[in-house]
Structure formats: C-alpha cells, structure tokens
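Structure, as structure tokens:
The values are calculated or read from the model by the stated rules, or taken from the named source; none is laboratory data. Just so we're clear, the structure is a prediction, and the values are computed from it rather than from any experiment. Methodologically, a virtual Cβ is constructed for each residue, glycine included, from the backbone with ideal geometry; neighbour enumeration extends over all protein chains shown. With ligands, DNA and RNA removed, areas are computed over all heavy atoms of the protein, side chains included. Shrake-Rupley method; radii C 1.70, N 1.55, O 1.52, S 1.80 Å.
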Amino acid sequence: MAAIVPDETAAASVAAQKAMFSRLPAAARTGVTHDDGTEFARHAGLRDEPGMATYFADPYSSWRRGGNENRNGMIRRHLPKRTPVAPLHGT
C-alpha cells in the first residue's frame, strides 16, 4: 500500500495513513513501525481511530523496518525520488 502525502507535516502524514489503513480489516491493521522523522509526531492518532499500535525503529536501523524499506525499493525501481506523481481521481 502506498499513498501520496500532500506535504511533510505530521497532520498530513497521519491523515494519509488513516485513510490508507482504514480500508483494511481490523485484523490486518495491528501495528506500524515508523522512523524518527517529524512527520510521525502525531502517531498517536493512529492508535485512537484505527486502533493500531505504533512503534519506532532506532535511528540508522532501517533493517528493523524491513517491509517498509522493501516497498520503498520496489517503488523506486519505477519512480525515482522527486518524480512528480499526480493522484488518480475517481478511485
């Protein structure tokens, strides 16, 4: 799963994650692991509404976020960093 986040604020990040994870059944949205970026400062919003546990990997320990790093690698094969991506309308 991936979503376009309109800006790098914590509010936008949590709103995008809520929209993305709310489509999943409750059993599939048990938890998420973030890095220590400021865009995750409002991670508690994920606990409150969709009921997910939030975890943080230690700095410089990307191997602890294996699923995320793997997904980013797959996306980067087709969309290099800073590639403009327009959201699909009507989906």
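Below are the figures for this structure:
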{"read-out": "Residue list for the range 1-52, filter: open to solvent by less than 60 Å² (accessible area, probe 1.4 Å), among the polar types (S, T, N, Q) and in a helix (DSSP H, G or I)", "value": "13, 17"}
{"read-out": "Matching residues in the range 61-91 - criterion: being closer than 17 Å to residue 32 by Cβ, modelled with pLDDT under 70 and either of a type in the set (Lys, Arg) or in a loop (DSSP other than H, G, I, E, B) (or both)", "value": "64, 65"}
